[in-house]
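Structure first, then comments.
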Amino acid sequence: MAADWTAVTVLAPDTNLDMLVLTLNRLGIVHRITREDAGSILWVASPEDVTPAQNAISQLERTLALQTKIQALQEGGAAKIGIVQIPITLLWIVLGLVGASIVFIAEQLLPVLTFQAFTLVNDGIRFAPAEDLIESGEWWRLITPTFLHFGLVHVIFNCLWMWELGRRVEWLIGPGAYFFILLSLSVGANVGQYISGGPGIFGGLSGVVYGLLGYIWVRNIRRPHPVLKLLPGIIPIMLGLLVLGLLGVIDKLIPGQVANGAHISGLLIGMFFGAFAGKNQSVS
């Protein structure tokens, strides 16, 4: 046989031979598979088919690995995501906890971290013009309000939703693209809140949370993925809370004011990203 056929490779013990034969037949590659002491060996009739046959084996291995991973996700969903796979989500949560700690025990640092610098005067709070943010190069103010939280319930609620939604998106698209989306959501939510509400002390991860919700919502409509599958009631509940915030109901139930501008801006930006996501997405 060695004189008439060209050996391609010794196949792995777990190779799906039926799938391999179907693939090679579809490619028009004349082949044989023999069982010898070394294992199952793939042979081709023409030396020119060695490279195409090797490519077919590699593609088959990737496809089977993908199917195994998808099956695991369908069975376990987000529970299969390890902590080491979501460093950016953990970073945003930690920064949110740090921001809450600053509000609680180091409030003298607040004027450095809010969207606008401010000073306390006899008649209240005096805010620096928003233009100073750009003119003085204080670009961090576009982001840092995201991490400020003004109550225990505020920070716990936001961090839990950040964990629940963020880990799914980060695992799916990778930390690089996810980091860019979080930066965009943070800046967009803070700018949106300033435009809609004017000068004020505001903050929180909720604009980012609504952005992730919008991303998952639209992304799942276009290209559903097991890891983005949420419980059926989550999106209606979150949207319902958004409407209650817009109607002023939540402001009457809890201290402070809801940052509706940040929520709406985050949601719209997240939906925008979700609308264009997943065109070339695969489980990796």
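The values are calculated or read from the model by the stated rules, or taken from the named source; none is laboratory data. Computed from a prediction, not measured in an experiment: that's the story for all the values here. Here the Cβ is made from the backbone with ideal geometry for all residues, glycine too, and neighbour counts use every protein chain on show.
Restrict the check to segment 242-259 and report whether at least one residue is of a type in the set (S, T, N, Q) and closer than 22 Å to V155 by Cβ.
Step one: list which residues in segment 242-259 are of a type in the set (S, T, N, Q), which gives 257.
Keeping just the survivors that are closer than 22 Å to V155 by Cβ gives 257.
Taking every residue of segment 242-259 in turn, at least one turns out to be of a type in the set (S, T, N, Q) and closer than 22 Å to V155 by Cβ.
Considering only residues that are closer than 14 Å to D49 by Cβ and at pLDDT 85 or above, look in segment 2-20 and name the one that is surrounded by the most Cβ atoms within 10 Å (Cβ to Cβ). For segment 2-20, the residue satisfying everything is V8. Where helices (runs of 4 or more DSSP H) fall entirely within segment 192-284, those with at least 1 residues that are free of Cβ contacts under 8 Å to residues at least 12 places away in the same chain and more than 17 Å from the chain's Cα centre (by Cα) are at 234-246, 249-253.
Residues that are in contact with a helix residue (DSSP H, G or I) (Cβ under 7 Å, 6 or more places away or on another chain) and either surrounded by fewer than 16 Cβ atoms within 10 Å (Cβ to Cβ) or touching a residue at least 60 places away in the same chain (Cβ under 8 Å) (or both) within segment 120-137 comprise just one, A130.
Is it fair to say G137 is at positive phi, at pLDDT below 90 and in a helix (DSSP H, G or I)? For G137, the condition - at positive phi, at pLDDT below 90 and in a helix (DSSP H, G or I) - is not met.
When restricted to residues that are assigned to a helix (DSSP H, G or I), aliphatic (A, V, I, L, M) and either on the phi > 0 side of the Ramachandran plot or at pLDDT below 90 (or both), segment 57-105 contains 12. The residue list I250, I254 contains one member that is among the aliphatic types (A, V, I, L, M), closer than 30 Å to E107 by Cβ, in contact with a helix residue (DSSP H, G or I) (Cβ under 7 Å, 6 or more places away or on another chain) and at pLDDT below 90, which is I250. Every condition in (1) over 17 Å from L268 (Cα atoms); (2) touching a Gly at 6+ places or on another chain (Cβ under 8 Å) holds for S206 except the one numbered (1).
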